[in-house]
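Okay, structure first, notes after.
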Amino acid sequence: MSKHLTHHPDKAMLIEFAAGTLGTAESICVSAHLHFCEQCRTELMRLEQVGSQLMTEAEPAIIDDKLFDTVMAKIDHAEAAEQPAVVVSEQPVAGFPLAVSKLIKNKDYTPIWKRLSASVDIARFKTGQKDFEVALHRICAGGKTPKHDHHGLEYTVVLKGSFSDESAVYKEGDFLTRQPGDVHQPMGAQNGECICLSALEAPIKLTNPLGFLMKPLLRISPM
Ligand SMILES: [Zn+2]
């Protein structure tokens, strides 16, 4: 399970994960990646050690936006610890990471695959989080997805197989972050189906059709 992966969650995300402040949908994606990535598991352990050290030393009221810099400074100076990897002991179902298995095992939810296009099926999860849609995507071997862009952030973790787009090939365990406005056209590998976990941020909709008129007002800063 210790393969060299090239796409990881950024450090800010791991810090939030370690601190327990990351949202449910994002945490599910990070957990799924950790299942595959020894490098990030080791990093997470370092972060947790630094975090608990800070909690002991710091005054309770010190938590502000300097905390991030403090944590980063500590990490930069901390020696790369030779720690054994975190042992994932619980057995996941269907060879999926534990976080995904827990979702699948959720009694309120039975995963139902629905056809999204000729080559893509989707199974949506209920996470109780309204600002992200968490789902599994299955791309058939050699399948092309329609070219699309995003209105919100999207996190993707490859759970099985691989896919590629214009810029890279993404393999089992890889963690991708897509920014709003990124346009891409994923393609399934020729040698087998690809299953990905994704968390897609719901676009912010202006319910008032004239809502855009309010924007200039928001830029006025009261004196
Ligand atoms: Zn990683």
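Since every read-out is calculated from the coordinates, none of them should be taken as a lab result. Since we're looking at a predicted model, the values are computed, not measured. Here the Cβ is made from the backbone with ideal geometry for all residues, glycine too, and neighbour counts use every protein chain on show.
Brief remarks follow.
- Interchain or long-range residues, amide H under 5 Å from Ser162's placed H: Ala189
- Residues Ile195, Ile112 arranged by fewest to most Cβ contacts within 10 Å: Ile112, Ile195
- The 3J(HN,Hα) values that the Karplus relation (6.51, -1.76, 1.60; θ = phi - 60°) gives for the range 163-168 are, in residue order, 9, 9, 9, 4, 10, 6 Hz. Gly and Pro appear as x.
- Note that the range 113-128 has calculated 3J(HN,Hα) couplings of 7, 10, 6, 9, 7, 4, 10, 10, 10, 10, 10, 8, 9, 9, 10, x Hz, one per residue in order, obtained from phi through the Karplus relation 6.51 cos²θ - 1.76 cosθ + 1.60 (θ = phi - 60°); glycine and proline are x.
- Other-chain or far-sequence residues with amide H under 5 Å of His150's (modelled H): Gly181, Asp182
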